[in-house]
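Scroll down for the structure; my scribbles are underneath it.
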Amino acid sequence: TRRLDEDSAFILGTGVGMPTGIQFEATQGNIVTVNSGLAAALTYDGLVNMWAELPAQYHGNASILMNQSTLARIMLLKDNENRPLFGVNESVPNILGRPIVISEFMPDVAANTIPIIMGDFSRGYGIADRMDLRIIRLNERYAPNIGLLAVARVGGQMLRSQPFVSQTIAVV
């Protein structure tokens with residue numbers, strides 16, 4: 001469960017007693033936002049505009065963060081002749097040439113949400129992981145039994161906003 005807790009904190013954390021999450025930074029307006037073009041859905045144009053908004057020097061290491069439901073909606077996008085933009089039975093390992101990172105802590109596609117963040121996470125988001133794990137023995141609290149409390153220190157925050165761009169579900 002530690003990995004899930006860390007994943008949640010690195011995405012949703014408020015910075016109060018936990019890391020400052022990348023989704024939190026986006027909702028606070030600290031990351032450039034591109035509208036999807038529709039009030040409650042993703043569009044191919046919105047995805048391309050998000051890609052184009054990311055400065056070119058960050059494209060090489062950029063990845064796209066979203067949840068599984070958002071990826072499914074992207075895979076269902078169709079052209080004007082109702083043909084899928086992605087091949088039938090084709091796995092989508094990347095979008096616009098960038099790898100996809102799935103986290104279920106990212107929000108689903110809905111009006112006024114930020115379900116996709118694209119960027120160079122290695123240059124723009126820092127994680128401090130103290131390797132020491134402390135075990136505290138709680139004798140008095142659980143007497144006559146012994147309680148154990150494991151404590152690890154982990155932190156994270158956005159170092160720079162330039163390597164990121166987010167997709168907001170909204171009309172242009």
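Here are a few things to note about the model shown:
- Taken per residue, the accessible surface of region 8-109 reaches 53 Å², heavy atoms only and a 1.4 Å probe.
- Beta-bridge orientation, the chain: approximately 75 percent antiparallel, per DSSP, counting only bridges with both partners inside.
- Amide H contacts under 5 Å for THR33, placed H, 5+ residues apart: SER166
- The phi torsions of region 16-30, fed into the Karplus equation with coefficients 6.51, -1.76 and 1.60 and a -60° offset, translate into couplings of 9, x, 7, x, 8, x, 5, 5, 4, 4, 5, 5, 7, x, 8 Hz, rounded to whole numbers, with Gly and Pro shown as x.
- Residues whose amide H comes within less than 5 Å of that of LEU54, counting only those at least five positions distant or on another chain, are absent (H built at 1.01 Å from N in the peptide plane).
- MRE, 222 nm, helices only [DSSP H, n ≥ 4, -39500 (n - 2.57), over the chain, to nearest 500]: -6000 deg cm²/dmol
- The peptide list 69-79, 159-169, put in order of mean Cβ contacts within 10 Å with the highest first, becomes 159-169, 69-79.
- Packing-based ranking, highest mean first, of 147-155, 57-65, 21-29 given that Cβ atoms within 10 Å are counted: 21-29, 57-65, 147-155
- In this structure the amide hydrogen of VAL101, modeled in the peptide plane, comes within under 5 Å of the amide hydrogens of ILE64, LEU65, MET66, none closer than 5 places in sequence on its chain.
- Across the options LEU138, SER122, ALA56, the greatest Cα extent toward the positive end of the charge dipole of the chain (unit charges at beta carbon of Lys, Arg, Asp, Glu) belongs to LEU138.
- Efficiency of FRET from Cβ geometry, LEU4 and ARG137, R₀ 30 Å, rounded to 0.05: 0.70
- Over the chain, relative contact order from alpha-carbon pairs under 8 Å, at least 6 apart, %: 33
- Solvent-accessible area of region 4-91 (1.4 angstrom probe, protein heavy atoms only): carbon and sulfur portion equals 52 percent.
The values are calculated or read from the model by the stated rules, or taken from the named source; none is laboratory data. Values in this document were obtained by computation on a predicted structure and should not be read as measured data. Because the Cβ atoms are built from the backbone with ideal geometry, glycine has one as well, and the counts that use them run over all protein chains shown. Protein only, heavy atoms only, side chains kept; ligands, DNA and RNA dropped before computing areas. Shrake-Rupley method; radii C 1.70, N 1.55, O 1.52, S 1.80 Å.
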